[in-house]
Amino acid sequence: ASRKLHQTVLQLSASSKPRGAPSVQTPSTLRRPRRTPAGTSGRAGGQKRSKVTLSLKSKRRLLDISRLPQKPAGEKWLSSSRLYLNYITTETCHAFRFNNREEITGCFQQEPIKELKLYKIASELLQTERAYVTRLHLLDQVFCAKLTEEAGKGTFPVEVVKGIFSNVGSIYAFHSQFLLPDLETRMSQWDSTPRIGDILAQLAPFLRMYAEYVKNFDSAMDLLKQWMERSAQLNAIIQDIQSQEVCGNLTLQHHMLEPVQRVPRYEMLLKDYLKKLPEDDPDRSQAEKSLNIISMAATHSNTAIRKMENLKKLMEIYEMLGGEEDIVNPSNELIKEGQILKLAARNTSSMERYLFLFNNMLLYCVPKFSLVGQRFTVRTRVGVEGMKVLETSNDDYPHTFQVSGKERTLELQASSEQDKEDWIKAFQKTIEIFQQKNESFKSASKEVVDEVSVKELGKRAPRWIRDNEVTMCMKCKEPFNPLTRRRHHCRACGYVVCYKCSDYKASLRYDGNKLNKVCKDCYFILTGRVDAEEPVSGKKRGILEIEAAQVSGNSFLCGFLQYSTDRTKPCQRVWCVIPQHDALVLYLYGAPQDVKAQCTIPLLGYQVEDVQRSVDHPPTSFRLRQSKSVHYFTADTEEVKLRWLRVICKAVIGEMPEYILMYYDVNPNQTRKNIQCVII
């Protein structure tokens, strides 16, 4: 073959060559190298041999190039011979009857690489979709159908089959009847319609159905394993199908994993498609839209997975803590857990403890050294609100840091410097996120509720009272709870009410006269009806039925304090107000917008005492004592404590308290408001 190629080159070089080209009998780059013994220089006289730069395969490619005709107009070269143009030298060009390399390159139009890659990506999407639909057919029409048929005979419950396969039937119907046929039609018309973005943009919203399948996947695997061991018939059916050729020697679990991985596969292919798609291509907007939808579907599935994993972890913690209340809650998120040492406040001895840090609280636990059942006992629950973490130095105990909250201050010792840094970073990040999501306490005197007047009721949207600003229904004054009395908003006035007080609907003009959920009072105002149960004039309100916002706006002092009547019990955060119209009474509310006070304390005759510093009571605590009645209070800071003492000390002796004008200095980089007071 080499000899034949050499003869062909000689024939080409002997034919007519371009004007001005040098006389070349045999290109030096195409001559076969002569073997010389090792250590010799080759030719005599020190003459060097021309370096051979082309292999036999390259020579054959060049020969193919020489025999190709000129490119017809409107057609494209699909030959890969252009890859070897870099090997062509000047002598080779003359040998193949070309003036230079540019003339060779000009004979060929470079293959449209991007168009070819777009076609390949679309083809890969179609091929993988066909294989995926085959896998879904196997899951729904073979495995699920046969197991459902057997379950109908009473061998095992039908609910087991539904729990294993979830909504795989809906997923199979969507892909086999909609997505795959549309892709096949488009690929058959690719020459006239080279795009796939419009198809995916139209059908991508249906991919959200994968969230249910992904969310159920772990429990489906556990249920499948459990019933394969419990039911011989179910196990036999599955083993029989798995032995068939259509399964490809894979188990049912492997096939069930395919839908979990499919949505990220769409996202990856579409990202590659957009990288190769020109910026001015008409399909780009649709492709970007479909990518956003698919990314949201993938995120939705991942979020469902994280939620299930989080709830599973919360259940494990619930069992380890012996059924601790309020642990299994979707709003709770475990941030970090681990063993740590607690330094005693008196003699600085270390004690082994265990911490569970959540997004809203810290559980300080004592190990019980039990292999089964309850493993920890909750000693203290510290809220993240108002929490601070500080790095401390102790010569006797290295790697220490301090966590101080409103409930308790803990000095802790980590196992290493790295462990200490990890804990501090976890606390700081948790506190920062909590402060961003939750606003600090607000003064009702400075944040006036934008109430809708009776004339404007239903004509303009109201300002909604936030859930965390009330602890009881603003109509019937019953306290809220997460199970039997949840929070609802009236769409007319924006009040937070219970389900009984919001079981009414009225058309609102600002919402296009659509029916909306409204409270009882707004319903009768908007419809013009009269409440037969209660008189229109209403009854006389008691001393506690005074709205917190009303008295806070005209008060000597108001703000949050920690309150308790028993120092052995945990404190409750309450909104305290000393109103101007009743200067000798302290009103205690659950939140700044509550319509009813929890209790009142007539201050006249009480003794104001400073509480000694202890583990349970920080230095910002004080108490009111009268006979056997004792009330404990804790302020956020020493400054706030002094303000309350200044006002209360006047009230307990029957004098009018000094009016303290409260205003706020808000740092935009912080969520906590710094209170400034002026005594008038």
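The values are calculated or read from the model by the stated rules, or taken from the named source; none is laboratory data. Here the structure is a predicted model, which means the values were calculated and not measured. A quick note on method: Cβ atoms are made from the backbone with ideal geometry, for glycine too, and the neighbour counts reach across all protein chains shown. All accessible areas refer to the heavy atoms of the entire protein, side chains included, with ligands and DNA or RNA removed. Shrake-Rupley method; radii C 1.70, N 1.55, O 1.52, S 1.80 Å.
Past 22 Å, Cα to Cα: identify those pairs from 307/388; 313/336; 312/437; 477/569, in the order given.
307/388; 312/437; 477/569
For residue 409, what residues show an amide H to amide H distance below 5 Å, using hydrogens built from the backbone and excluding near sequence neighbours?
Amide H to amide H, under 5 Å and 5 or more residues apart or across chains, residue 409 pairs with nothing.
In a shell of Cβ-Cβ distance under 12 Å around residue 402, excluding residue 402 itself, what net charge do Lys and Arg (+1) and Asp and Glu (-1) give?
Within the 12 Å Cβ shell, the charges total +2.
Counting only heavy atoms of the protein chains, get the accessible area per residue of segment 446-532 (1.4 Å probe) and round it to a whole Å² value.
61
Name the residue from 296, 197, 244 whose Cα lies farthest towards the positive end of the charge dipole of segment 113-319, charges +1 on Cβ of Lys and Arg and -1 on Cβ of Asp and Glu.
296
Between segment 269-289 and segment 376-436, how far is it from one alpha carbon centroid to the other, in angstrom?
Spelled out, the Cα-based centre of one part sits 49 Å from the other.
Given the convex hull of the Cα atoms of segment 334-424, what is a quarter of its surface area in nm²?
6.1
Just want to confirm a number: the relative contact order over segment 548-653, from Cα pairs under 8 angstrom separated by 6+ residues, in percent.
Taking the mean separation of contacting Cα pairs over the length of segment 548-653, I get 25 percent.
Take each of the peptides 493-502, 424-433, 628-637, average the number of other beta-carbon atoms within 10 Å over its residues, and list them starting from the highest.
493-502, 628-637, 424-433
Taking the highest mean first, how do the peptides 410-416, 177-183, 583-589 order by number of other beta carbon atoms within 10 angstrom per residue?
For the peptides 410-416, 177-183, 583-589, the packing ranking is 583-589, 410-416, 177-183.
Using amide H atoms built 1.01 Å from N in the peptide plane, name the residues 5+ places from residue 335, or on other chains, whose amide H lies under 5 Å from its own.
Amide H neighbours of residue 335: 357, 358, 359.
Whole-Hz Karplus ³J(HN,Hα) for segment 270-276, in order, using 6.51 cos²θ - 1.76 cosθ + 1.60 and θ = phi - 60°, x for Gly and Pro?
Values, residue by residue: 5, 5, 4, 4, 5, 5, 8 Hz.
Once the piece of chain linking residue 311 and residue 567 is laid out straight, how much longer is it, given 0.36 nm per residue of separation minus the C-alpha distance between them?
88.7 nm
For residue 649 and residue 464, calculate 0.36 nm times their separation in residues minus their Cα-Cα distance, and state this gained length in nm to one decimal.
This chain segment gains 62.8 nm when fully extended.
Express the accessible area of segment 113-319 per residue in Å², computed with a 1.4 Å probe while the remaining protein chains stay in the model.
52
Give me the orientation-averaged projected area of the Cα convex hull of segment 548-653, in nm², one decimal.
The Cα convex hull of segment 548-653, projected and averaged over all directions, gives 6.2 nm².
Once you have the Cα-Cα distance between residue 134 and residue 202, take 0.36 nm times their residue separation minus that, and quote the gain in nm to one decimal.
Fully extending the segment from residue 134 to residue 202 adds 22.2 nm.
Taking amide H atoms as placed 1.01 Å from N in the peptide plane, list the residues 5 or more away in sequence, or in a different chain, whose amide H sits under 5 Å from that of residue 380.
Excluding prolines and chain starts, which carry no amide H, the hits are 364.
Would you kindly give the portion of the calculated P(r) for segment 113-319 that falls above 24 Å, as a percent of all Cα pairs?
49
For segment 446-532, which whole-number percentage of the solvent-accessible area (1.4 Å probe, protein heavy atoms only) is attributable to carbon and sulfur atoms?
48
Along the Cα→Cβ direction, 7 angstrom out, place labels at residue 351 and residue 319. What is the inter-label distance in nm?
For the pair residue 351/residue 319, the computed spacing is 2.8 nm.
Using the C-alpha atoms of segment 446-532, what convex hull volume per residue, in cubic angstrom, is computed?
101
Step through the residues of segment 419-428 one at a time and calculate ³J(HN,Hα) from phi using the Karplus curve (6.51 cos²θ - 1.76 cosθ + 1.60, θ = phi - 60°), rounding each to whole Hz and writing x for Gly and Pro.
These are the phi-based 3J(HN,Hα) values: 4, 5, 5, 5, 5, 5, 5, 5, 5, 4 Hz.
Would you calculate the separation in nanometres between label points at residue 193 and residue 429, each defined as 7 Å from the Cα along the Cα-to-beta-carbon direction?
Label-label distance for residue 193 and residue 429, simple model: 4.7 nm.
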